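S.K.: Once you've had a glance at the structure underneath, I'll fire off some questions.
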Amino acid sequence: MAIETPTKPTLGDKIYDALFHNYVWKSIFRTGYPNTPRNQMLVVATNVFLHLHPTRIHRTHVKITHTYCLGGLSFFMFLGLTITGILLMFYYVPSVDRAYLDIENIQTNVQFGQMMRNLHRWMAHAMVILVFLHMMRVFYTGAYKPPREFNWVVGVILLVLTFLLSFTGYLLPWDQLAFWAITVGTNIAGSAPVLGPKSRFWLLGGLQVGPDALIRFYTLHVIGLPLLAAIFMAVHFWRIRRDGGLARPL
Amino acid sequence: MATAVVARPVARPQARARDEEVLVWPDLVFIEFIAAMLFTITLFFLATVMNAPLLDQANADVTPNPSKAPWYLLNLQELLLHMNAAMAGVIIPSIWLGIMAAFPYFDRENDGQGVWFGTERAVKITIISGLVGIIGTWFLILWDSGKIAFFLNDWFGLSGGDNLRFLENVRSMQTQLPWPEWASDITYLPFNLKLLASDAPGGPTEFQNLDFPGWLVEQGIPIMAIVGLPSLMIYAMWKAGWVLTRRDALLALFSGFIGAYGILTLVGTAFRGQGQELVFPWELKVSEGIPGQE
Ligand code: HEM
């Protein structure tokens, strides 16, 4: 190995030092800018968000065609939906008198309101599709096999939760589309043997889609189901690490 | 008596192969970042050019025709047209979710794990059973909506005459066969067990008096089709020497499901017009079609 002779720091080096090696930066990130293997591992290990990952992964798993990023993108949609959803909550009141007018109001009077609503809608569709495709990729790569059995089960639960999240959100605009789609949907649920009519009543808070249904769907949509989904996602991600990362041939 | 504890092999996390590993930062984080950016840009673009639908305010007195569930439930709504509501809407999807959740407990071998289509014959099985799911489901839907009989008659001048009318679709087996009187009122349980909701559209709902032709059409034939046809497919593939392992069987089952599910969703979304009549997408008034395209 050739011996490097130290050169004088260039202007670039000085700016770099000033940006990344100062007291404030280090108080936040501990490591410097992750440009050495040591710092790159440290940043993943010490940052709470990056720490969802291991510091190193098998090289076949960074190939895009292995996962197509589908699980990660499902999660990304979940995050995006949370952000746009919170913004919509500022303006939306789940009462039969106001819901529809609030949506109109969001679209016409709120800065970027239409944009937020559109984003929330299309992301929700995207999430349903992405989660389904993610399930297909996991199946066709045989990644449910031991020791990942239980994580597949957690996945099936997440699939159901994703459908339910989307379904409960569908009612909230309180327009004809929402009202009748939920009427049809809950009629399907209500036809179940033994528990059907009861569960339909429980879901709607009555016999018909009305004010009680709206507040129930709203509560489930903005807190109940997201909370459950977040818990199961936490388990899902934790299990991926515990099961030794993503599946690869033995 | 003491029971012996038999040691069973327990799946453990795989040992890591350090020399095969790359650093998450930058290799993975970079990819994640790009993927997230691509999606952000695409979605922002979509949100600029296409508005989320908003129709008139909800009105319980004005029922749109057709009324459709959200698109990802239209597969169930489509099934609903062909059989007992509880079966199509709740029982079949619940059982299927249970079956899917049980996949890893049925197929416990590690062969083919961690690579796309990692076992021999996997691609072949997937394609064939996917096609069977797609074509078979299409065929069944066409048949049950009476289109097959219609085409045979209209295009080829073939008509079975009145004797074969019962083959026109599923329902005609109830209406076009000379069932004896008693067949539609069989007392077979001494108590009135209401298993399926009595206000569910059509079909026998109380077990005390069985309407056999009705039961056959609403539940019997659909169960036979949904359980029988996939079993038949897997059996045939086994006989043909394609399905040899549990993984193979699951590949066939899952791919068949994907095909059928896709077709059901597609037909429910784009091929069902007023009164849930089967029509071609271009015959569908735009306002009736895909929810949100008004
Ligand atoms: C909200 C829904 C979901 C989220 C956010 C999610 C997220 C993820 C992520 C980020 C991964 C890492 C690898 C990858 O991106 O493919 C993963 C892996 C996995 N997921 Fe999901 N997932 C969801 C739903 C599902 C569903 C529906 C299933 C199956 C029914 C499933 C089963 C699995 C399994 C078995 C793995 C391990 C894959 C392997 O080892 O290669 N997940 N998930």
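The values are calculated or read from the model by the stated rules, or taken from the named source; none is laboratory data. Since the model is a prediction, treat every value here as computed from it, not as a measurement. With ideal geometry, Cβ positions are generated from the backbone for all residues, glycine too; neighbour counts draw on all protein chains shown. When the accessible area is computed, the model is the full protein with side chains, heavy atoms only, and any ligands, DNA or RNA have been set aside. Shrake-Rupley method; radii C 1.70, N 1.55, O 1.52, S 1.80 Å.
S.K.: Classify the stretch A:30-88 as rounded, prolate or oblate, taking a ≥ b ≥ c as the square roots of the eigenvalues of its Cα gyration tensor: rounded when a/c is under 1.5, otherwise prolate if a/b is larger than b/c and oblate if not. Spell out each step's value before the answer.
M.R.: Details: a/c = 3.32, a/b = 1.37, b/c = 2.42.
The shape class here is oblate.
S.K.: Next question. Pairs of lysine in the protein assembly as shown with Cα under 28 Å and at least 8 positions apart or on different chains: total?
M.R.: The number of close lysine pairs in the protein assembly as shown is 12.
S.K.: Please give the length that would be gained between B:Thr42 and B:Lys147 if that part of the chain were fully extended, namely 0.36 nm times their separation in residues minus their C-alpha to C-alpha distance (nm, one decimal).
M.R.: Working: separation 105, 0.36 × 105 = 37.80 nm, distance 4.05 nm.
Residue separation times 0.36 nm, minus the Cα-Cα distance, leaves 33.7 nm.
S.K.: Relative to the compact globular guide of 2.2 N^0.38 Å, what is the alpha carbon radius of gyration of the stretch A:154-250, as a ratio?
M.R.: On the way: Rg = 16.8 Å, N = 97, 2.2 N^0.38 = 12.5 Å.
Compactness ratio reported: 1.34.
S.K.: Which shape class, rounded, prolate or oblate, goes with the stretch B:15-168 when its Cα gyration tensor gives a ≥ b ≥ c as root eigenvalues, a/c under 1.5 marks rounded, and past that a/b bigger than b/c marks prolate? Write down the numbers at each step before the final one.
M.R.: Numbers: a/c = 2.38, a/b = 1.46, b/c = 1.64.
Note, shape of the stretch B:15-168 comes out oblate.
S.K.: Please compute the modelled spin-label separation between B:Lys124 and B:Trp282, points set 7 Å along Cα→Cβ, answer in nm with one decimal.
M.R.: 3.9 nm
S.K.: In addition: Would you please give the residues with an amide H less than 5 Å from that of A:Arg56, counting only those at least 5 places away or on a separate chain, with H modeled from the backbone geometry?
M.R.: B:Val24
S.K.: Counting only other chains, what is the mean number of Cβ atoms within 10 angstrom of the Cβ of each residue in peptide B:114-121? All intermediate terms of the calculation are to be shown ahead of the outcome.
M.R.: On the way: counts 15, 9, 6, 3, 7, 1, 0, 0.
Neighbouring Cβ atoms belonging to other protein chains average 5 per residue here.
S.K.: Work out Dmax and Rg for the stretch A:66-242 from the C-alpha atoms and quote the Rg first, both in angstrom.
M.R.: For the stretch A:66-242, the Cα radius of gyration and maximum Cα-Cα distance read 17.6, 54 Å.
S.K.: Right, here's the next one. Quick test of the membrane-span-like rule: which DSSP H helices of chain A reach at least 30 Å along their long axis (C-alpha atoms) with mean Kyte hydropathy at least 0.5? Kindly include the intermediate steps, with their values, before the conclusion.
M.R.: Working: long enough: A:113-140 (40 Å, 0.59); A:149-171 (35 Å, 1.75).
Once both thresholds are applied, what remains is A:113-140, A:149-171.
S.K.: Contact order normalised by length for the stretch B:49-194, with contacts defined as Cα pairs under 8 Å and 6 or more residues apart; what percent is it?
M.R.: Result for the stretch B:49-194 is 10 percent.
S.K.: Now for a separate question. For the pair A and B, how large is the buried accessible area, both sides, in square angstrom to the nearest 100, if the probe is 1.4 Å?
M.R.: Values: alone 16890 and 20860 Å², together 29600 Å².
Summing both chains' loss of accessible area gives about 8200 Å².
S.K.: From Cα pairs below 8 angstrom and at least 6 apart in sequence, can you work out the relative contact order of the stretch A:66-242, rounded to a whole percent? Intermediate results must be reported in sequence, preceding the final value.
M.R.: Values: 157 pairs, mean separation 41.5, N = 177.
The normalised contact order for the stretch A:66-242 reaches 23 percent.
S.K.: Sticking with this one: Which value in deg cm²/dmol, rounded to the nearest 500, describes the helix-derived mean residue ellipticity at 222 nm for chain A, given -39,500 (n - 2.57) per DSSP H run of n ≥ 4 and division by the residue count?
M.R.: On the way: 12 runs with 163 residues, N = 250.
Result for chain A, helices only: -21000 deg cm²/dmol.
S.K.: Could you work out how much longer the chain between B:Asp61 and B:Phe139 gets when fully extended? Use 0.36 nm per residue separation minus the Cα distance between them, nm to one decimal. Write down the numbers at each step before the final one.
M.R.: On the way: separation 78, 0.36 × 78 = 28.08 nm, distance 3.66 nm.
Stretched out fully, the B:Asp61 to B:Phe139 stretch lengthens by 24.4 nm.
S.K.: Suppose each label sits 7 Å from its Cα in the direction of the beta carbon; what would the A:Leu164-B:Asp19 distance come out to in nanometres?
M.R.: 4.9 nm
S.K.: Please state the shape class of the stretch A:1-155: rounded when a/c is under 1.5, otherwise prolate if a/b exceeds b/c and oblate if not, all from the C-alpha gyration tensor.
M.R.: On the way: a/c = 3.11, a/b = 1.44, b/c = 2.16.
Oblate shape, in that a/c is at least 1.5 and b/c is the bigger or equal ratio.
S.K.: Taking only Cα atoms and a 10 Å spring cutoff, compute GNM fluctuations for chain A and point out the largest among A:Leu42, A:Leu214, A:Leu79.
M.R.: A:Leu42
S.K.: All other residues with a Cβ under 14 Å from the Cβ of B:Met233 taken together, and with Lys, Arg as +1 and Asp, Glu as -1, what is their net charge? Can you show the working numbers first?
M.R.: On the way: positive: B:Lys124, B:Lys239; negative: B:Asp248.
Neighbourhood net charge equals +1.
S.K.: Continuing with the same structure: Shielding by partners for A:57-68, please: the mean number of other protein chain Cβ atoms within 10 Å of each residue's Cβ.
M.R.: On the way: counts 8, 8, 6, 4, 5, 9, 1, 3, 1, 3, 2, 1.
Averaged over the peptide's residues, the number is 4.
S.K.: Roughly how crowded by other chains is peptide B:100-108, in terms of the mean Cβ count from those chains within 10 Å of each of its Cβ atoms? Walk me through the intermediate numbers first.
M.R.: Values: counts 8, 11, 4, 7, 12, 6, 0, 5, 3.
Partner Cβ neighbours, averaged per residue: 6.
S.K.: Mind ranking B:Leu80, A:Leu250 by accessible surface for me, highest first, 1.4 Å probe?
M.R.: Values: B:Leu80 50, A:Leu250 145 Å².
In descending accessible area the options line up as A:Leu250, B:Leu80.
S.K.: So if I take the alpha carbon set of the protein assembly as shown, get Rg, then get Rh from the Kirkwood formula, what is the Rg over Rh ratio?
M.R.: The Rg/Rh ratio comes out at 1.03.
S.K.: So, one more: Kirkwood hydrodynamic radius for the stretch A:1-64: how many Å is it when counted over pairs of different Cα atoms? All intermediate terms of the calculation are to be shown ahead of the outcome.
M.R.: Numbers: mean 1/r = 0.0710 Å⁻¹.
For the stretch A:1-64, the Kirkwood estimate is 14.1 Å.
S.K.: Quick one: 3J(HN,Hα) in Hz for the stretch B:84-95, Karplus 6.51/-1.76/1.60 with θ = phi - 60°, rounded, Gly and Pro as x.
M.R.: 3, 4, 4, 5, 5, x, 10, 5, 5, x, 5, 4
S.K.: With a point put 7 Å past each Cα toward its Cβ, work out how far B:Ala236 is from B:Arg108 in nm, to one decimal.
M.R.: Once both label points are built, they end up 3.3 nm from each other.
S.K.: Count charges around A:Ser95 for me, please; just the other residues with Cβ under 12 Å from its Cβ, Lys/Arg as +1, Asp/Glu as -1. Before the final figure, lay out the partial values.
M.R.: Values: positive: A:Arg98; negative: A:Asp97, A:Asp102, A:Asp212.
Charge balance near A:Ser95 sits at -2.
S.K.: Please list, in chain and number order, the residues 5+ apart from B:Leu210 or on another chain whose amide H is under 5 Å from its amide H, with Hs placed from the backbone.
M.R.: B:Ile186, B:Thr187, B:Tyr188
S.K.: How big is the gap, in Å, between the Cα center of the stretch B:66-145 and the Cα center of the stretch A:123-150?
M.R.: After rounding, the separation between the Cα centres reads 15 Å.
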